[in-house]
1. Looking at (1) closer than 24 Å to Val7 by Cα; (2) surrounded by 15 or more Cβ atoms within 10 Å (Cβ to Cβ); (3) in contact with a strand residue (DSSP E or B) (Cβ under 9 Å, 6 or more places away or on another chain); (4) at pLDDT below 90, which is the one condition that is false for Asp158?
2. Please enumerate the residues belonging to the range 62-86 that are among the aliphatic types (A, V, I, L, M), surrounded by 18 or more Cβ atoms within 10 Å (Cβ to Cβ) and free of Cβ contacts under 8 Å to residues at least 60 places away in the same chain.
3. Can you tell me which of Phe59, Phe50 is among the hydrophobic types (A, V, I, L, M, F, W, C), touching a residue at least 12 places away in the same chain (Cβ under 8 Å) and touching a Ser or Thr at 6+ places or on another chain (Cβ under 6 Å)?
4. Just one of Val113, Val142, Val108 is under 27 Å from Pro54 (Cβ atoms) and either at pLDDT below 90 or β-branched (Val, Ile, Thr) (or both); which is it?
5. Which of the residues that make up the range 127-139 are modelled with pLDDT of 80 or more and either in contact with an Asp or Glu (Cβ under 9 Å, 6 or more places away or on another chain) or closer than 11 Å to Pro104 by Cα (or both)?
6. Could you pull out the residue among Arg91, Arg16, Arg115 that is on the phi < 0 side of the Ramachandran plot and free of Cβ contacts under 8 Å to residues at least 12 places away in the same chain?
7. So in the range 145-155, with the set limited to residues that are at pLDDT 65 or above and outside any loop (DSSP other than H, G, I, E, B), which one is surrounded by the most Cβ atoms within 10 Å (Cβ to Cβ)?
8. In the range 50-92, what residues are farther than 27 Å from Pro109 by Cβ and of a type in the set (Lys, Arg)?
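The values are calculated or read from the model by the stated rules, or taken from the named source; none is laboratory data. Because the structure is a prediction, the values reported are computed rather than measured. Here the Cβ positions follow ideal geometry from the backbone for every residue, glycine too, while neighbour counts run over all protein chains shown.
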Amino acid sequence: MDYHQGVVVEYLRADRSVFVNTECCIQLNPKDNPDTSGPHWYCDAVAIDFGSKPTPAVFLCEISYEEKLGALIDRLKKWTANWPGVLAALRRDCCLPDDWPVRPWLFVPKVFVPRLLEKLPSMRGTDGSPAFGLRVTTLESVQPWLYHAWNHRDCNTDKSDSGIPREMWV
């Protein structure tokens, strides 16, 4: 786990209604060894927000500070192409109920958000519509001095003075 990943995980854990599984393996085909089973990914963190209503929300959290966002975009494209299988794997291996919504939650530097947003229209499901909605949070807004370590829900981490929101739903 790198520094930024640890900061994001601590940010997620500071919300007492969120439970986090780091480096969670999403394995499309059930086998003992994911390296021989076919497509699989180690998600930086899977977070379940039990405070989300009407049902808990599941987030596949990915953290990137790579300037071109190549690995992150590649992962999103692969998830898009395999989204029904990703959902089935999570429900099978993480015992998630079918009615809990699942979506990626991306953490990237503020300056890379426009680049990320311009790449998103190319990611479409098999029917031409977006495979999933995204939640995007800037890495700058999850720094530990910006929220209360015991509960960040009451902090203003989604406000920005630069024109790029610190958090958005896409």
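1. (2)
2. Leu69, Leu72, Ile73, Leu76, listed by residue number.
3. Being among the hydrophobic types (A, V, I, L, M, F, W, C), touching a residue at least 12 places away in the same chain (Cβ under 8 Å) and touching a Ser or Thr at 6+ places or on another chain (Cβ under 6 Å) holds for just one of Phe59, Phe50, which is Phe50.
4. None of the others qualify; the one that does is Val142.
5. Phe132, Gly133, Leu134, Arg135, Val136, Thr137, Thr138
6. Arg91
7. Filtering the range 145-155 for residues that are at pLDDT 65 or above and outside any loop (DSSP other than H, G, I, E, B), the one surrounded by the most Cβ atoms within 10 Å (Cβ to Cβ) comes out as His152.
8. Residues satisfying the conditions are Lys53, Arg91, Arg92.
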